[in-house]
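Worksheet: one structure, shown below.
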Amino acid sequence: MSKNTGNFMTLIDGIQTFSADGMRLSLADAGDGIEDANFVFSMADAAVLRLYNLVDWVKEMVALRDQGALRRGQL
């Protein structure tokens, strides 16, 4: 991400585009070690999709639990 190449984004713009959690996940995944981080828009989109899918799955599991459809007792 660079101002020279025109793909610069402020944190406020990123939060408005991807949500705060999406930005956190994308920035954490952008790079590690001694190399510079590389923020990629497609990775941010994928992070938002992963978060959405996780929330959707949790809601589904809570609904199944409330209906008594999940196993109970010893495994």
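Values in this text are rule-based calculations from the coordinates and carry no lab data. Small disclaimer: the values here were computed from a predicted structure and weren't measured. Please note: Cβ atoms are built from the backbone with ideal geometry, for glycine as well, and neighbour counts cover all protein chains shown.
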### Query
What whole-number value in cubic angstrom gives the convex hull volume per residue for the C-alpha atoms of the chain?
121 Å³
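Taking the beta-carbon count within 10 Å as an exposure proxy, list S26, S19, S42 from fewest neighbours to most.
Ordered from fewest to most neighbouring Cβ atoms within 10 Å, S26, S19, S42 come out as S42, S19, S26.
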### Message
I need to check one value: relative contact order of the chain, counting alpha carbon pairs closer than 8 Å and at least 6 residues apart, in percent.
### Response
23 percent
### Query
Counting Lys and Arg as +1 and Asp and Glu as -1, each charge on the Cβ, what is the dipole of the chain about the Cα centre in debye, to the nearest 20?
420 debye
